[in-house]
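The structure appears right after this line, and notes come after that.
The values are calculated or read from the model by the stated rules, or taken from the named source; none is laboratory data. Please read all numbers here as calculations on a predicted model, not as lab measurements. Positions of Cβ are backbone-derived with ideal geometry, glycine not excepted, and every protein chain shown enters the neighbour counts. Remember, those area values only see protein heavy atoms, side chains included, never the ligands or the DNA or RNA. Shrake-Rupley method; radii C 1.70, N 1.55, O 1.52, S 1.80 Å.
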Amino acid sequence: MKKLMSEIPEHERPREKLLAKGAQALSDQELIAVLLGKGTRQMGVMTLAEKISKVVDEKGLDLTAVDLMSFRGVGEAKAVLILAAIEFVRRRIKPDGLKIEIPADVLPLIRHFADRKQEHFLSISINGANEVINVRVVSIGLIDRSHAHPREVFADVLSDRASGIILAHNHPAGSLEPSPADVQITQQIKQAGEIIGIPLLDHIIFNRTGYYSFQEEGLIWSKE
């Protein structure tokens, strides 16, 4: 993607694109660029938005003003605007917590990762009522080369006081069938969860058109 707004044809710029096609047509980076309005002399708004998008992925709902203001060009006003937008949407999309009845229920929260060029390994914290607490990016890159160690997976899940966890990762290209590495990390996390008392409820592999659920395929026992 072109980094300077001046390099982008007018009809493809985030604001104009939103007006013509709706907000759903914009990438995460473009949505943040709309909220930012402009970049700095040293960094174009699209580059700044890309960097902020990565932090939002990592922090999820734990994102703070301090996280945002660590970027040059993001002051209190822009940080407050972004946080307010996230909270406004959170309250209306899942005012009482999104409840997970079947694996597909989690897809609206993670589907936007399907467009990422690299694999994003996600953890979804679930409370005792099967409601989503938070969604976080654990690692980025090929799953067999990423740091998807149980220690990293459960660190924030424990702080959430979660009762269960769902894993998910996107397959940028190719089949949704799990690779040997997918199966191995699933077993590792499942065993670790059994030890610390936070069961693995499912591992979902997804792309733009579909998903594969370890639980639906009988590879993970469902929560009682």
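Computed with a 1.4 Å probe over protein heavy atoms only, the accessible surface of the chain comes to 56 Å² per residue. Counting only Cα atoms, region 144-224 measures 35, 29, 21 Å along its principal axes, largest extent leading.
The simple spin-label model puts a point 7 Å past each Cα toward its Cβ; for Val66 and Val89 those points are separated by 2.5 nm. Comparing Val135, Val183, Val89 in a Gaussian network model of the chain, where Cα atoms under 10 Å apart are tied by springs, the biggest mean-square fluctuation is seen for Val89. Where both bridge residues fall in the chain, DSSP classifies roughly 75% of the beta bridges as antiparallel.
Remark: relative contact order (region 1-119) = 19 percent; criterion is Cα-Cα distance under 8 angstrom and separation of 6 or more residues. Ligands, DNA and RNA left out, the accessible area of region 101-224 computed with a 1.4 Å probe is 50% carbon and sulfur. Our note on the geometry: Cα centres of region 21-79 and region 133-204, 27 Å apart. In the elastic network of the chain, a GNM with C-alpha springs shorter than 10 Å, the most mobile of Arg41, Arg72, Arg111 is Arg41.
Sorting Glu101, Glu12, Glu30 by accessible area (1.4 Å probe), largest first, what list results?
The ordering from most to least exposed comes out as Glu101, Glu12, Glu30.
Within the assembled protein chains, the solvent-accessible surface assigned to His149 is about 90 Å², based on a 1.4 Å probe. Sequence-distant contacts, meaning Cα pairs under 8 Å at least 6 residues apart, place the relative contact order of the chain at 14 percent. The tail of the calculated P(r) for region 1-131 beyond 24 Å holds 35 percent of all Cα-Cα pairs. Per the Debye formula with a single identical scatterer at each Cα and no solvent contribution, what log10 I(q)/I(0) holds for the chain at q = 0.15, 0.17 Å⁻¹? Rounded to two decimals, the profile gives -1.04, -1.26.
When the listed pairs Lys78/Lys99; Lys21/Lys51; Lys38/Lys99; Lys17/Lys51; Lys17/Lys117 are checked against a 28 Å cut-off, the alpha-carbon distance exceeds it for Lys78/Lys99; Lys38/Lys99.
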